[in-house]
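Trainee: This is the structure I have questions about; it appears just below.
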Amino acid sequence: MNKDALKKFLKERRDGIAPESLGLTRPAARQGRRSLGLAQDQVDELLNRARNTYQKLEAGRYKNPPVDLLRDIACLYQLNEQEWTALCRYARGEDPPTPLYDTTGYAVPAAWEDAVTRVVAPAYVTDASWTVLAHNQPFEDLFIREPPANTMRWMLVSGREQLIDWEGAWAPLVMPQLKAALAQRPQDQVLRGIETDVCADPASRALYEKGGASIHPDGHERPIRHAVEGDGWVTMCAAQPMASPGARFMILIFRPDTQPPMDRPPLLKAP
């Protein structure tokens, strides 16, 4: 816990909320001054918590506060995802287990479209459903047909003809991603539809039910058939727009070569 940062962060957010906007009376402050915002006991009242619960948290005397309390406070204060992450780090010393809002991950800042078009290698941005939001021309050139509208569906259902050794090099790594995403976002109808199509094929269903632990492709190297350059290997570099947990930014480094990639250091580290 970072007591000083937590106190400053919470007080600033609390002071920014007018009690009248929530149907409460603005409390009188000390020395006859009006309070800047909500009183601490009003936060307890709004969250249906025991008296002094919030005061204890803001003062830094609540060790390991439960995530549900922090989430209720974050929603009351209308924090964004980055502020939600900061709150959990200040109060618990860790990142939040899930995004704050169910809608997070389905939209990214428009600047990402400009960023993608300036990448030389195939690059694209998807939302939390793997629906493509932006891509560049090298990404289009990769595909035999039209570029996919959804990369998860393409990898598991419609794009197998381009994915060399689909059953061994692709499906066992991609299917756990789908399963993990649905565990976190069970109401996502796009992902549910992909799961339905995967399970409709007996061979795919067996691989899907087998499971696995891979949940992201960052650094993976897999064999693929490029529409223009032929067979080769693609190295996947994955990142996440910080304002949109669940969305992803992908750069694909393609090498036209029938041989497996050369060994390389697994991690880059500062000296």
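The values are calculated or read from the model by the stated rules, or taken from the named source; none is laboratory data. These numbers come from a predicted model, not from an experiment. Quick reminder, even Gly has a Cβ in these numbers, built from the backbone with ideal geometry, and neighbours come from all protein chains shown.
Trainee: For the range 150-169, what are the residues that are outside any helix (DSSP H, G or I) and over 24 Å from residue 259 (Cα atoms)?
Mentor: Within the range 150-169, just 150 meets the criteria.
Trainee: Applying the selection to the range 93-114, what residues are free of Cβ contacts under 8 Å to residues at least 40 places away in the same chain and surrounded by fewer than 18 Cβ atoms within 10 Å (Cβ to Cβ)?
Mentor: Of everything in the range 93-114, those that are free of Cβ contacts under 8 Å to residues at least 40 places away in the same chain and surrounded by fewer than 18 Cβ atoms within 10 Å (Cβ to Cβ) turn out to be 94, 95, 97, 101, 103, 110, 111, 113, 114.
Trainee: A further question on this structure: Being assigned to a loop (DSSP other than H, G, I, E, B) and over 16 Å from the mean Cα position of the chain (by Cα) narrows it down to one of 99, 172, 147, so name that one.
Mentor: It is 147.
Trainee: Look through 118, 153, 160 and report the one residue that is exposed (fewer than 14 other Cβ atoms within 10 Å of the Cβ) and either assigned by TED's automatic domain parsing to the domain that holds residue 200 or touching a Leu at 6+ places or on another chain (Cβ under 6 Å) (or both).
Mentor: Unique residue meeting the criteria: 118.
Trainee: Here's a check for you: in the range 49-92, which residue that is small (Gly, Ala, Ser) and part of a helix (DSSP H, G or I) is surrounded by the most Cβ atoms within 10 Å (Cβ to Cβ)?
Mentor: Per the criteria, the residue is 91.
Trainee: Additional query: Considering each of 203, 213, 227, 183 in turn, give the residue that is touching an Asp or Glu at 6+ places or on another chain (Cβ under 8 Å), of a type in the set (Gly, Ala, Ser), farther than 14 Å from residue 130 by Cα and at pLDDT below 90.
Mentor: After ruling out the rest, the residue left standing is 203.
Trainee: Right, something else. Of all residues in the range 20-39 being surrounded by 12 or more Cβ atoms within 10 Å (Cβ to Cβ) and more than 22 Å from residue 84 (Cα to Cα), which is modelled with the lowest pLDDT?
Mentor: Restricting to residues being surrounded by 12 or more Cβ atoms within 10 Å (Cβ to Cβ) and more than 22 Å from residue 84 (Cα to Cα), the top hit is 35.
Trainee: Now for a different question. Assuming residue 135 fulfils every condition listed in (1) touching a strand residue (DSSP E or B) at 6+ places or on another chain (Cβ under 8 Å); (2) surrounded by fewer than 21 Cβ atoms within 10 Å (Cβ to Cβ); (3) within 30 Å of residue 259 (Cα to Cα) apart from one, which condition is it?
Mentor: That leaves (2) as the condition not met.
Trainee: Next up: Filter the range 243-271 down to residues that are exposed (fewer than 12 other Cβ atoms within 10 Å of the Cβ) and closer than 30 Å to residue 82 by Cβ and give me whichever is farthest from the chain's Cα centre (by Cα).
Mentor: Checked the range 243-271; the qualifying residue farthest from the chain's Cα centre (by Cα) is 270.
Trainee: Say whether the condition of being exposed (fewer than 14 other Cβ atoms within 10 Å of the Cβ), acidic (Asp, Glu) and on the phi > 0 side of the Ramachandran plot is met by at least one residue in the range 139-146.
Mentor: Looking through the range 139-146, none of the residues is exposed (fewer than 14 other Cβ atoms within 10 Å of the Cβ), acidic (Asp, Glu) and on the phi > 0 side of the Ramachandran plot.
Trainee: Looking only at the range 201-250, which residues are among the aromatic types (Phe, Trp, Tyr) and within 17 Å of residue 178 (Cβ to Cβ)?
Mentor: Hit for the range 201-250 is 208, nothing else.
Trainee: Out of the residues in the range 242-264 that are touching a Gly at 6+ places or on another chain (Cβ under 9 Å) and outside any strand (DSSP E or B), which is modelled with the lowest pLDDT?
Mentor: The extreme case among them is 258.
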